[in-house]
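Structure record follows, encoded as structure tokens.
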Amino acid sequence: MKNKLSGGWNDAGEQGNSVKSSPVLTVSALNSLARSIIEGAMPLLWVGGEISNLTRAASGHWYFSLKDATAQVRCAMFRGRNQFVDWQPSNGDQVEVRAVPTLYEARGEFQLQVEVMRRAGLGALFEAFEKLKQKLAAQGLFAEARKRPLPVFAKRLGIVTSTEAAALRDVLTTLRRRAAWLPIILYPTPVQGEGAGKKIAEAIRTASERRECDVLIVCRGGGSIEDLWAFNDEGVARAIAACPVPVISGVGHETDFTIADFVADLRAPTPTAAAEQVIASREEWMQTLVAQHHRITRPLHRLLHSRAQQVDYLSRRLVHPAQRMQQQRSSLQHLSLRLHQSIIRALQTHRMRIGTMQTRFLIARPATDKQQDALGKLQHDLTRALHRQLQDRQASVNRMAAHLAHLNPDAVLARGYSVVRNAQGKVVRNSNQIRIDESLDLRFQQGSAKARVIEKSTEKKD
């Protein structure tokens, strides 16, 4: 019978009191435990198989199955990893993946978490590629110091590729559009298949011996790693390194890299890009010329504007002697007017004071005939004194005007004098300032003349 108080089940599946109860795990705990056991027991490893049920999620993750003749396993390759795969896998592709065996806890499904994916059979090729790359790099074939710049204007272009390659048509089309005048020499060679690497190296050596071109393009279109393997040949790499003219490598697509790319003086992502590297288009040259023109003329314009502004500033400061005389004449007239007005105001003030005194005298009634006569005399004397003072002031003004007229250079020249200047434009005031046979400029009231010193004397003449 069941004992509701003790509980527990015996080995026969019956509940009993003698068996100790074991812990009960949740499904989540069980799957978590299984995952930790799987990941701890199975390290990162390579697995090969055929892709099936490939799904590319909106999140960017890939989900698929790897299968062989008797089994399959679920796989997941997340976006952070699959972005480094340089080709698009599809159902039926034979691949090799480096993955971590794990358990998807939400469903309790065993799966591989993929880190790296490559086409099946590429492991040996990739290993050979890396081995040769390290060897040539150690020998300095990839060094930037040995790579040469392309000529600015190529006179003749050489192309090493197959006559049937689509890359050749792309290169010729690009060159016909950008530089139809450029002569092209083709060194035909197979670019794929058995012995292609050796033949490519021979074509490059032929171009090196003939030296018929300024730039050499080695190119072919895209393809699998097996299709491009001829350009990973050591002989091709050494032929490119030994070539006396700059070499452009335009092999495959932008994501394809070969040993030839590392050895060449310039690597182009595509054959078309290789052709574009040879010579710039007319539009690019015109843009460069326009930019250089602006770079040259812009500072010249700034300098001209600065000098014009400086000339305007100096011209405003430069005053002609006649203009300065006119300014002084105007100033003198203004002073004369102010003096005349001042005298008139003084006369009016004195008249007012006299009138005030007369009024005071009338009020005080000192009106005797004698005082009237004396007052009339004083008034007469005061008027005469004021007139005399006005005449003196006017005479002083006239003397100043006459003196200013004497200082006028034109007035001096009108009296028969002349202004003598040496070759440097300086006024000569002493015979010690001139030399025999020196050329002098003479300025008269009207006109000027050139003179040469024949004789001079340092004696002062009365």
message: Using helices alone, I'd like the mean residue ellipticity at 222 nm for the chain: each DSSP H run of four-plus residues gives -39500 (n - 2.57), total over residue count, nearest 500.
response: -15500 deg cm²/dmol
- prompt: What list of ³J(HN,Hα) values in whole Hz, one per residue of the stretch 173-179 in order, does the Karplus curve 6.51 cos²θ - 1.76 cosθ + 1.60 (θ = phi - 60°) give from phi, with Gly and Pro shown as x?
  reply: 4, 5, 5, 5, 7, 9, 8
task: Bin all alpha-carbon pair distances of the stretch 282-401 at 10 Å intervals from 0 and give each bin's fraction as a whole percent.
output: 10, 19, 14, 12, 10, 8, 8, 7, 5, 4, 2, 1
- request: Report Rg (one decimal) and Dmax (nearest whole number) for the stretch 172-247, counting Cα atoms only, units Å.
  value: 13.1, 36
- line: Taking only Cα atoms of the chain, the Rg to Rh ratio with Kirkwood Rh works out at 1.56
field: Compactness index (Cα Rg / 2.2 N^0.38 Å), the stretch 140-279
entry: 0.92
- request: Give the cross-link partners of LYS450 among the aspartates and glutamates, using a straight C-alpha distance below 16 Å as the criterion and excluding same-chain residues fewer than 8 apart.
  value: ASP437, GLU438, ASP441
query: Which whole-number percent of Cα pairs in the stretch 37-82 have a distance greater than 12 Å?
result: 67
Nitroxide proxy distance, nm - points 7 Å out along Cα→Cβ at GLN327 and SER52: 10.7
task: Please turn the phi angles of the stretch 75-91 into ³J(HN,Hα) values with the Karplus equation 6.51 cos²θ - 1.76 cosθ + 1.60 (θ = phi - 60°), one per residue in order, whole Hz, x for glycine and proline.
output: 9, 9, 10, 7, 4, x, 9, 6, 5, 8, 7, 8, 8, 9, x, 8, 4
Eligible aspartates and glutamates near LYS131 by straight Cα distance, threshold 18 Å, same-chain separation 8 or greater: GLU226, ASP233, GLU234, ASP256, ASP261
message: Which three extents, in angstrom, do the Cα atoms of the stretch 413-452 have along their principal axes, listed largest first?
response: 27, 17, 15
message: For the ranges 22-29, 394-401, what's the packing order if you count other beta-carbon atoms within 10 Å of each residue, average per peptide, and put the highest first?
response: 394-401, 22-29
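Take the residue pairs LYS155/LYS198; LYS135/LYS155; LYS67/LYS198; LYS67/LYS199 and return only those whose Cα atoms are more than 30 Å apart.
LYS135/LYS155; LYS67/LYS198; LYS67/LYS199
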- prompt: For the peptides 170-182, 136-148, 234-246, what is the packing order when you average, over each peptide's residues, the other Cβ atoms within 10 Å and list the highest mean first?
  reply: 234-246, 170-182, 136-148
message: For the stretch 27-120, what does the convex hull of the Cα positions come to per residue, in cubic angstrom?
response: 104
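Values in this text are rule-based calculations from the coordinates and carry no lab data. Keep in mind the model is a prediction, meaning the values are calculated, not measured. Glycine gets a Cβ as well: all are built from the backbone with ideal geometry, and neighbour counts include every protein chain shown.
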